[in-house]
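A short worksheet on the structure shown next.
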Amino acid sequence: MKKDGKTSTEVIRNDTETLFDQSAKMKKDKETFNECIVKEKNTLTELIETEKVKLTELIKQEKVKLTELIREREINSTEQTLNEQAAWIEKMKETFTESIRKEKETLFDQSAHTKIVFNTLTEESAWIKKENKTLTAFIEKEKDKLIKYAERIEQVKDNWVELVRKTENNFIEQTALIGKKQENLTCKTEQ
């Protein structure tokens with residue numbers, strides 16, 4: 001027995017009931033807390049989705065604005081670039097026109113000079129043709145003389161060949177005759 005008049009079993013039973021009550025209350029509190037968490041989570045998820053939709057819409061709007069701004073700047077930049085290119089093309093056109101004008105003048109001067117040279121060459125060509133005819137006639141005339149001269153040279157060559165052959169034969173005969181005379185003299189001297 002305990003001081004307050006309760007037995008140990010009663011105390012234990014009371015403690016156990018208190019524990020069970022506290023456990024049931026904690027379980028109920030836990031369920032309530034879990035329900036709160038789920039509600040808060042759902043609320044937060046809905047809020048996030050709503051904000052996400054708003055943010056996506058805002059991003060789309062800003063993207064459109066930015067695209068328009070970029071396009072406007074590109075158009076301005078392109079327009080400026082095109083203006084610069086047009087000015088450059090105009091300048092090049094003027095330069096090219098001036099260059100063509102100078103080239104025309106040069107070609108005109110060269111054409112006049114070429115005409116003079118052509119006329120001179122035509123005159124020289126006519127003179128060369130005339131000289132060529134004269135030279136051809138002279139060559140034809142001299143050709144006959146050269147042929148006759150070549151024939152005479154051939155005849156002289158043949159005559160020389162014949163003379164050399166006769167001289168050679170005569171020399172051989174003379175050598176043979178001298179050899180015989182020498183033998184005869186040698187024989188006579190020995191006798």
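Computed from the coordinates by the stated procedures, all read-outs in this text should not be read as laboratory data. Because the structure is a prediction, the values reported are computed rather than measured. Backbone-built Cβ (ideal geometry, glycine too); neighbour counts: all protein chains shown.
Annotations
- Dividing the helix sum by the residues of the chain, where each DSSP H run of 4 or more adds -39500 (n - 2.57), gives a mean residue ellipticity at 222 nm of -37500 deg cm²/dmol.
- Extension reserve of the residue 119-residue 133 stretch, reckoned as 0.36 nm per residue once the Cα distance is removed: 2.9 nm
- If you wrap the Cα atoms of the chain in a convex hull and average its projected area over all directions, you get 63.2 nm².
- Cβ-Cβ distance of residue 35 and residue 8, R₀ of 45 Å, FRET efficiency by 1/(1 + (r/R0)^6): the value works out to about 0.70.
- Mean-position separation - Cα centroids, region 36-78 and region 84-112, in angstrom: 59
- In a reduced charge model with +1 at each Lys and Arg Cβ and -1 at each Asp and Glu Cβ, the chain shows a dipole moment near 500 debye about its Cα centre.
- Straight-distance crosslink candidates among lysines, where the alpha carbon sits under 27 Å from residue 145 and sequence neighbours closer than 8 are dropped: 129, 130, 133, 157
- Rg ratio for region 99-191: its Cα radius of gyration over 2.2 N^0.38 Å, N being its residue count, equals 3.04.
- With each label modelled as a point 7 angstrom along the Cα→C-beta vector, the residue 94-residue 188 pair spans 12.8 nm.
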